[in-house]
Amino acid sequence: MFSRITALLAGSAEPPDTRRRDDLEMSVAALLVEAARMDDAFDPAERTMIEELLMQRFELTTPEVRHLLTQAEDASNQSVELFGFIRGMVKKLDYDDRVHLIEMLWDVAYADGELSPEEDMLIRRIAGLIFVEDKDRGAARRRVLDRISRNT
């Protein structure tokens with residue numbers, strides 16, 4: 001907050017770390033959109049889940065999340081490979097944050113009530129690309145399934 005105020009007073013609209021944060025937010029949002037689209041249907045429940053996850057993770061307002069999600073959908077439409085969204089993510093996120101990202105992907109994959117083989121494959125692939133161990137990917141999945149079972 002203080003850095004944003006200082007930047008505004010100095011004539012810069014954004015603090016120095018905003019671009020890095022925005023890039024990370026965009027990458028995470030785009031990966032969540034990719035997960036939602038893997039079963040060829042972007043369900044309203046998946047969209048709502050993505051909005052909630054982004055608001056929680058990045059402390060964004062509803063308008064900010066909706067703007068980010070629109071940008072992420074556009075980026076996802078234009079991208080032909082996941083690597084563009086993942087590049088640099090390993091350096092920006094510590095291991096626990098990468099595991100949390102995998103958990104967010106499981107949340108989106110299960111948001112419509114079922115996991116497609118394509119969604120499962122995508123999450124396995126992303127976990128491998130960001131160096132999340134299989135046991136931690138599985139633990140993240142179990143946490144999501146536990147939350148779902150408690151809420152039904």
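Structure values in brief
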{"item": "Any hit, segment 72-90, residues being modelled with pLDDT of 90 or more, at positive phi and not aromatic (Phe, Trp, Tyr)", "result": "no"}
{"item": "Qualifying residue in segment 44-63 (condition: surrounded by 17 or more Cβ atoms within 10 Å (Cβ to Cβ), in contact with a Phe, Trp or Tyr (Cβ under 6 Å, 6 or more places away or on another chain) and hydrophobic (A, V, I, L, M, F, W, C))", "result": "no"}
{"item": "Residue tally, condition more than 15 Å from residue 35 (Cβ to Cβ), surrounded by 14 or more Cβ atoms within 10 Å (Cβ to Cβ) and of a type in the set (S, T, N, Q), over segment 64-83", "result": "1"}
{"item": "Condition met for residue 55 (at pLDDT 95 or above and either acidic (Asp, Glu) or within 10 Å of the chain's Cα centre (by Cα) (or both))", "result": "no"}
{"item": "Set 71, 78: member being over 17 Å from residue 130 (Cβ atoms) and free of Cβ contacts under 8 Å to residues at least 24 places away in the same chain", "result": "78"}
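Listed here are the residues, each with its yes/no results for (1) among the acidic types (Asp, Glu); (2) in contact (Cβ under 8 Å) with a residue 40 or more places away in the chain; (3) assigned to a helix (DSSP H, G or I); (4) surrounded by fewer than 20 Cβ atoms within 10 Å (Cβ to Cβ).
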position	(1), (2), (3), (4)
102	no, no, yes, no
106	no, no, yes, no
109	no, yes, yes, no
119	yes, yes, yes, no
122	no, yes, yes, no
131	no, yes, no, yes
140	no, yes, yes, no
146	yes, no, yes, yes
150	no, no, yes, yes
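The values are calculated or read from the model by the stated rules, or taken from the named source; none is laboratory data. Quick caveat, the model's predicted, so the values are computed rather than measured. Reconstructed Cβ throughout: ideal geometry from the backbone, glycine too, with neighbour counts over all protein chains shown.
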